[in-house]
Structure formats: structure tokens, C-alpha cells
Amino acid sequence: MAATVAPQPRPIAIPTIAPVPLRQILPYAIFGGLLFLMFLYFVAAEQGAGSLIGGEMVHEFFHDGRHLLGFPCH
């Protein structure tokens, strides 16, 4: 009778992800931050005498979002 040899397990190579330099992330972070601040302004403060855009169109567009986030508007 012939002897059989069991296969030896091979180690699995786990790929690693190199960290992204801050230089590459910074422009996107600044752009995202500015978009967030603009959105926050329109949701929180665009109404009444201090508004940058006249009329009620922006207020009515963000009206439900204001209530959802807890900002009073009337």
C-alpha cells in the first residue's frame, strides 16, 4: 500500500491599505466642510431680516428640514 501525503496549508496574504496623505484629502475635506456650512446656513438661518436671498422660496424649500432638525421657524 502506498503512503499518501496530506497537502500543507499555505498562508493567506492579507492585503494592506496604505494611509492616504493629508495633502490629498485636505481639498475634499475643505469642499465638504463648505458645503455642510452652506447647507446648515440655509436650514438654520435663511429667513427673516437677516436673509441673504429675499422672499420665502428658500425658507419654504427647507421648511420641513428645519422642523426635522429641531430649528424653530415660526
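Observations on the model:
- Note on Val20 and Val5: the model spin-label points, each 7 Å out from Cα along the C-beta direction, lie 4.7 nm apart.
- Ranked packing of 10-22, 27-39, most packed first, by mean Cβ within 10 Å: 27-39, 10-22
- Option label - Rg/Rh (Cα atoms, Kirkwood Rh) computed here, alternatives (1) 1.60; (2) 1.08; (3) 1.00: (1)
- Nearest-ten-degree value, helix 22-44 long axis tilted from longest Cα axis of the chain: 40 degrees
- Based on DSSP H segments of at least four residues, each scored -39500 (n - 2.57), the chain has a per-residue ellipticity at 222 nm of -14500 deg cm²/dmol.
None of the figures in this text is laboratory data; all of them are computed from the coordinates on show. Just so it is clear, the model here is predicted, and its values are computed rather than measured. Virtual Cβ from ideal backbone geometry, glycine too; neighbours counted across all protein chains shown.
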